[in-house]
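Peer 1: Sharing a structure here in structure tokens format.
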Amino acid sequence: MATFGILVGGGPAPGINGVIGAAVIAATRAGHRVIGILEGFHHIMAGRTEQVRELDEASVDQIHLKGGSILHTSRANPTKEAEHLSACVASLDSLGVEYLITIGGDDTASSAMRIADAAQG
């Protein structure tokens with residue numbers, strides 16, 4: 001069983017909750033664990049891992065009807081300082097996250113790529 005982490009970066013956009021729900025359903029039906037990381041990279045880039053929540057099918061079955069993001073979002077960018085990038089890698093490791101799903105724009109995607117590189121995959 002793998003652990004997936006999901007986070008949202010950048011500004012709010014339509015469909016975020018639908019994406020979260022679809023990812024959770026697909027992962028849990030395949031037998032995996034999913035945790036939602038609250039407020040994007042904001043907490044994990046500071047080395048704080050308490051701002052997460054377990055996600056399962058029951059917790060996402062109606063979220064597509066809600067606006068915004070159930071995980072909230074932030075514009076925090078962990079790639080601007082080396083210690084923030086290292087803290088993200090360490091935080092994800094301590095949470096047991098093997099796969100990170102990021103929802104956002106170019107900045108969020110490039111941050112995820114830099115974290116994957118720093119974590120050596």
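The values are calculated or read from the model by the stated rules, or taken from the named source; none is laboratory data. Note that this is a predicted model, so its numbers are computed, not measured. So basically every Cβ, Gly included, is an ideal-geometry build from the backbone, and we count neighbours across all protein chains shown. Surface accessibility is based on the protein's heavy atoms, side chains included, excluding ligands, DNA and RNA. Shrake-Rupley method; radii C 1.70, N 1.55, O 1.52, S 1.80 Å.
Peer 1: Skip the ligands, DNA and RNA, and give the accessible area per residue of the chain with a 1.4 Å probe, whole Å².
Peer 2: I get 52 Å² per residue for the chain.
Peer 1: Can you match semi-axes √(5λ) of the Cα gyration tensor in Å to one of these, (1) 44, 15, 8; (2) 28, 17, 12; (3) 22, 16, 12, based on a calculation from the structure here?
Peer 2: (3)
Peer 1: Using +1 at the Cβ of each Lys and Arg and -1 at the Cβ of each Asp and Glu in the chain, identify which of 69, 3, 24 lies farthest towards the dipole's positive end.
Peer 2: 69
Peer 1: How tilted is helix 106-118 with respect to the longest principal axis of the chain? Cα atoms for both, answer in degrees (0 to 90, nearest 10).
Peer 2: Taking the Cα atoms of the chain, the angle to 106-118 is about 60 degrees.
Peer 1: Over segment 37-87, what per residue volume does the convex hull of the Cα atoms give, in whole Å³?
Peer 2: Roughly 73 Å³ of hull volume per residue.
Peer 1: Turning to a different aspect of this structure: Hey, if we sort 43, 84, 72 by accessible area with the 1.4 Å probe, largest down, what's the order?
Peer 2: From most exposed to least exposed: 72, 84, 43.
Peer 1: Here's another thing I want to ask about it. For segment 42-121, what % of the accessible area comes from carbon and sulfur atoms, probe 1.4 Å?
Peer 2: 48 percent
Peer 1: Taking θ = phi - 60°, what integer Hz values does the Karplus form 6.51 cos²θ - 1.76 cosθ + 1.60 yield along segment 36-46, in sequence order, with x for Gly and Pro?
Peer 2: x, 9, 6, 6, x, 7, 3, 7, 5, 6, 9
Peer 1: About the Cα centre of the chain, how large is the charge dipole given +1 on each Lys and Arg Cβ and -1 on each Asp and Glu Cβ? Please answer in debye to the nearest 20.
Peer 2: Its charge dipole is roughly 160 debye.
Peer 1: Continuing with the same structure: Would you tell me the accessible area of residue 59, worked out with a 1.4 angstrom probe on the heavy atoms of the protein chains, in Å² to the nearest 10?
Peer 2: Its heavy atoms expose roughly 40 Å² to the probe.
Peer 1: Something else: Would you rank 42, 32 by solvent-accessible area, highest first, keeping every protein chain in place and using a 1.4 Å probe?
Peer 2: The ordering from most to least exposed comes out as 42, 32.
Peer 1: A further question on this structure: For the chain, what proportion of DSSP beta bridges, expressed in % and rounded to the nearest 5, is antiparallel?
Peer 2: Expressed as a percentage, antiparallel bridges in the chain total about 30.
Peer 1: Do the sum for the chain: with -39,500 (n - 2.57) for every DSSP H run of n ≥ 4, divided by all residues, what is the mean residue ellipticity at 222 nm, to the nearest 500 deg cm²/dmol?
Peer 2: Helix contribution divided over all residues of the chain: -11000 deg cm²/dmol.
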